[in-house]
Amino acid sequence: MSIAQPAKRWDPIVKLTHWGVASAVIANALFTEEGSGWHVWVGYALAGLLLLRWLWGFVGTRNARFSAFPPNPMRAIRYIAGARKGQQTQHSSHNPLGTLMVYALWSCLGVIIASGIAMSGPPPANPNVREAGEAYEATSTEVRSYAEEEGGEEREEQEGGESGEGGEEVLEEVHEIAVNLLYVLIALHILGVLFETIRHGRGTVGAMIPFMNRRKP
């Protein structure tokens, strides 16, 4: 049984943020060194794209708004059951299973960005520096050393330093786990797109490619 509905159409902002986020993830995964200035700059660009997409979810076109694809696990389960029975349903926005994937990807990206910014601080003026937070960390070390000398409470300062290092290690671990989880989600997302393409045709992919789904005059 098939239900005829309008073909999926995504606006330019959705396409820009989708491919921009994908490019930023690929760039930081393959072409930049972890902790480098370029890595941090790409991370901030990623944050900007994600914020733009979230803003567009409130004020954008009808299919791009959050109200068009609210997360609903029960609907996703029913969608999977229907797909197993051969039912083909078209959705002008994300299908119920794709909706859960979108929110999972956004949540994971949010954790990656937040932990990355917490570790690196503001982006360096020169992205070619070896470590993005090099100057910031050096200045902080000098301030801590001066405080230790003036305060005369070396043991308390050492405990505070150990606590700071422990916090940084936690951030690094959270960042790494979130990145690895993101790779798994991306793989599942690609498999889902392939599955939908097999079921519904090339329109699933074409809807996200620029200039491929313009309305005919």
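Worth pointing out:
- So Ala125, is it part of a loop (DSSP other than H, G, I, E, B), aliphatic (A, V, I, L, M), surrounded by fewer than 14 Cβ atoms within 10 Å (Cβ to Cβ) and out of contact with any His (no Cβ under 6 Å at 6 or more places or on another chain): yes
- Selected residue (only one of Leu50, Leu46, Leu55 is within 21 Å of the chain's Cα centre (by Cα) and open to solvent by 60 Å² or more (accessible area, probe 1.4 Å)): Leu55
- Residues that are closer than 25 Å to Gly116 by Cβ and in a loop (DSSP other than H, G, I, E, B), drawn from segment 36-64: Ser36
- Residues (within 14 Å of the chain's Cα centre (by Cα), under 24 Å from Ala64 (Cα atoms) and open to solvent by less than 30 Å² (accessible area, probe 1.4 Å)) located in segment 15-43: Thr17, Gly20, Val21, Ala24, Val25, Gly43
- Condition check for Ser67: assigned to a loop (DSSP other than H, G, I, E, B) and open to solvent by 20 Å² or more (accessible area, probe 1.4 Å): no
- Selection within segment 63-84: residues that are of a type in the set (Lys, Arg) and touching a residue at least 12 places away in the same chain (Cβ under 8 Å). The member of this set that is farthest from Asn126 (Cα to Cα) is Arg78.
- Pairs meeting the criteria (first residue in segment 40-55 and of a type in the set (Val, Ile, Thr), second residue in a helix (DSSP H, G or I), beta carbons under 7 Å, at least 6 apart or on different chains) are Val40/Ser120; Val42/Ala24; Val42/Ala27; Val42/Asn28.
- Positions within segment 11-60 being among the charged types (D, E, K, R) and within 17 Å of Ala104 (Cα to Cα), in sequence order: Arg53
- Among the residues making up segment 10-35, those that are within 18 Å of Val205 (Cβ to Cβ) and assigned to a helix (DSSP H, G or I) are Pro12, Val14, Lys15, Leu16, Thr17, His18, Trp19, Gly20, Val21, Ala22, Ser23, Ile26.
- Pairs linking a residue in segment 92-106 that is modelled with pLDDT under 95 and of a type in the set (A, V, I, L, M, F, W, C) to a residue that is assigned to a helix (DSSP H, G or I) and open to solvent by 40 Å² or more (accessible area, probe 1.4 Å), with Cβ atoms under 7 Å and 6 or more positions apart or on different chains, are Leu97/Ile80.
The values are calculated or read from the model by the stated rules, or taken from the named source; none is laboratory data. It should be emphasised that the depicted structure is a prediction, and the values quoted were computed from it without experimental measurement. When we count neighbours, we look across all protein chains shown, and the Cβ atoms used for this are built from the backbone with ideal geometry, even at glycine. We work out accessible area using only protein heavy atoms, side chains counted, and drop any ligands, DNA or RNA first. Shrake-Rupley method; radii C 1.70, N 1.55, O 1.52, S 1.80 Å.
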